[in-house]
Amino acid sequence: MDQSGKRYTKSQFLRYFEAKVMRTIRKYSMLEKGDKLVVAMSGGKDSVTVAHIINHIISKRGEQLEALLIDEGISGYRNTTIIDAKKFCKDEGIKLKIVSSKQEFKFGLDEALKKLNMNPCNICGTMRRYLLNKHSRKLKATKVVTGHNLDDEAQTILMNQYKGNVQLSAKLGPVTGITEHEKFIRRIKPLYFMTEKEVTVYSTLKGWDIKYTECPNARDSFRSGVRDQINNMENDYPGVKNGIINSFLEIMPELRKILKPKSKILNCKKCDEPSARPICSMCDLLEKYSKSD
Ligand code: SF4
């Protein structure tokens with residue numbers, strides 16, 4: 001069944017899904033000749049689905065594709081998704097690079113949580129964004145492909161509203177990071193208009209050997225609360241998720257104009273990576289961690 005409730009056979013659903021992703025790619029000119037694409041791989045259903053579809057598309061066009069997996073150091077979770085990611089990439093013939101926060105910073109999320117009284121998702125997101133951008137640049141990526149789906153984006157829009165962080169919403173959308181800084185790699189989200197349920201159905205029909213487990217830190221997260229709320233609303237009032245996305249896309253161009261950063265993106269004084277402030281959030285985190293001894 002698709003978002004509108006229309007029923008399909010297996011092959012019809014696969015065709016519907018792939019055609020809709022293809023329309024998103026075309027509409028937002030996500031792929032350009034000569035691109036070097038790096039998929040942000042986690043081994044979960046979203047990254048595997050987007051990697052498979054992009055791999056299929058570029059096999060006929062000539063862009064290059066690699067996968068980059070950031071191991072944030074979440075025991076009992078990331079170590080199992082890494083096994084799935086390795087198998088999937090091998091089967092698809094996609095080169096996979098794994099970068100771990102332990103190698104890079106000498107600690108992972110589990111160690112950080114023992115020392116820092118901080119929200120796990122904030123630490124995790126800071127490490128992941130930093131490593132993904134830095135290492136995809138090292139792989140000479142022109143674009144990072146992420147598996148964000150419609151549910152993820154609707155949740156983020158509402159989370160920003162609830163927290164009064166509307167400036168962060170100006171950085172959302174199907175394509176991001178266009179003009180921010182020469183060291184920022186642009187991000188594309190081909191699954192932008194596909195719901196979480198549709199991605200689950202697609203990956204299940206494809207029969208990939210992946211786990212559908214959630215990170216143990218997800219349960220108590222702010223996102224998880226917002227997700228439950230939107231899912232309940234969608235059950236009672238079908239179309240709510242699409243409503244959030246479509247109304248956001250309507251105001252997005254104005255939002256980006258109005259909320260354009262007043263100051264230029266800088267290079268962090270410590271690590272030289274792009275940052276909105278003189279010291280980037282990753283270097284801030286490293287400082288907090290070293291002082292917590
Ligand atoms: Fe990281 Fe939080 Fe997602 Fe777990 S739920 S992978 S800690 S952002």
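FYI, it's all coordinate maths here, none of it is from the lab. Given the structure is predicted, the values throughout are model-derived calculations rather than measurements. Cβ coordinates were reconstructed from backbone atoms using ideal geometry, including for glycine residues, and neighbour counts include every protein chain displayed.
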| task | At q = 0.15, 0.16, 0.18, 0.19 Å⁻¹, work out log10 I(q)/I(0) for the stretch 104-148 with the Debye formula, treating every Cα as an identical point scatterer and leaving solvent out; two decimals please. | result | -0.47, -0.53, -0.63, -0.68
| said: Under the rule of at least 5 residues apart or a separate chain, name every residue whose amide H is placed under 5 Å from the amide H of S100. | reply: D71
| request: Name the longest site-free stretch of the chain, where the excluded sites are GluC sites (Glu not before Pro) in a DSSP loop with no more than 16 other beta-carbon atoms within 10 Å. | output: 33-179
| So, with +1 on the Cβ of K and R and -1 on the Cβ of D and E, and no other charges, what is the size of the charge dipole of the stretch 14-127 about its Cα centre, to the nearest 20 debye? | 320 debye
| What's the center-to-center distance, using Cα atoms, between the stretch 1-79 and the stretch 99-141 in Å? | 24 Å
| task | Please arrange T156, T80 by counting, for each residue, the other beta carbons lying within 10 Å of its beta carbon, fewest first. | result | T80, T156
| Under a point-charge model restricted to the Cβ atoms of Lys and Arg (+1) and Asp and Glu (-1), what is the dipole moment magnitude of the chain relative to its Cα centre, in debye to the nearest 20? | 880 debye
| message | How high is the relative contact order of the chain? Use alpha-carbon pairs under 8 Å, at least six apart in sequence, and give a whole percent. | response | 21 percent
| query | Which values, in whole Å and largest first, are the semi-axes of the equivalent ellipsoid of the chain obtained as the square root of 5 times each eigenvalue of the Cα gyration tensor? | reply | 29, 23, 21
| Loop-located trypsin sites (Lys or Arg not before Pro) in the stretch 112-207, at most 11 other Cβ atoms within 10 Å (DSSP) | K140
| note | Amide H proximity to L65 below 5 Å, modelled H, separation 5+ or other chain, gives L37
| request: Over 20 Å between C-alpha atoms is what I'm after, so list which of K20/K138; K97/K134; K6/K241; K140/K183 land there. | output: K20/K138
